[in-house]
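Trainee: Shown below is the structure under consideration.
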Amino acid sequence: MFGVVNILRIVLSWLLLNHLFACCFIILGKNSRFEDSWLAKLPAPQDGWPSSIAQRSEVSDWTIYNSALYWSYVTTSHIGIGDIAAANVTERAYSIVIILIGTFMFLEVFGNIVPIAEKLVSKLKLEF
């Protein structure tokens, strides 16, 4: 039971951190000039990207949050697709910090899940 609780703790921590990273990315975008922020490229991908710029009123709050959360998961998992990307120096610096934090998040996740999984597997082998 302890192993399952630890795995849930790790997964919930991952979800919460990505939510916080996404919210900060939204704040960065909203505190920049609209034309110079990642928000101007939504919805992504756009025809003519990266030269096309969306109108501020075209994008709903849900689309902005969903896009920021997607960016957060893609960035922290080091997939880095690039369809939603930082558009100015501040957003790029934030992205670099998130990539570094994502590296340590992976270390934490795999460093904790592997021993927990090994214990669960050994318990299951003993029971069956």
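Trainee: If we keep just the residues of the range 104-121 that are open to solvent by 60 Å² or more (accessible area, probe 1.4 Å) and farther than 14 Å from ILE7 by Cβ, which is nearest to the chain's Cα centre (by Cα)?
Mentor: Within the range 104-121, the match that is nearest to the chain's Cα centre (by Cα) is PHE104.
Trainee: OK, next. If we keep just the residues of the range 54-69 that are open to solvent by 80 Å² or more (accessible area, probe 1.4 Å) and in a helix (DSSP H, G or I), which is modelled with the highest pLDDT? Quick ask: steps written out before the conclusion?
Mentor: Narrowing the range 54-69 to residues open to solvent by 80 Å² or more (accessible area, probe 1.4 Å): 55-58, 61-62.
After this cut, where a residue has to be in a helix (DSSP H, G or I) as well, the list is 56-58, 61-62.
Numbers: ARG56: 58, SER57: 58, GLU58: 72, ASP61: 88, TRP62: 91.
In this case the residue turns out to be TRP62.
Trainee: Of all residues in the range 32-49 being open to solvent by 80 Å² or more (accessible area, probe 1.4 Å) and part of a loop (DSSP other than H, G, I, E, B), which is modelled with the highest pLDDT?
Mentor: Result: ARG33.
Trainee: Give the number of residues within the range 77-102 that are of a type outside the set (Gly, Ala, Ser), open to solvent by less than 60 Å² (accessible area, probe 1.4 Å) and at pLDDT 90 or above.
Mentor: So the answer is 4.
The values are calculated or read from the model by the stated rules, or taken from the named source; none is laboratory data. Please read these numbers as outputs of a predicted model, since none were measured by experiment. In this analysis, Cβ positions are derived from the backbone assuming ideal geometry, glycine residues included, and neighbour counts consider all displayed protein chains. Each accessible area value is taken on the protein alone, full model and side chains, heavy atoms only, with ligands, DNA and RNA left out. Shrake-Rupley method; radii C 1.70, N 1.55, O 1.52, S 1.80 Å.
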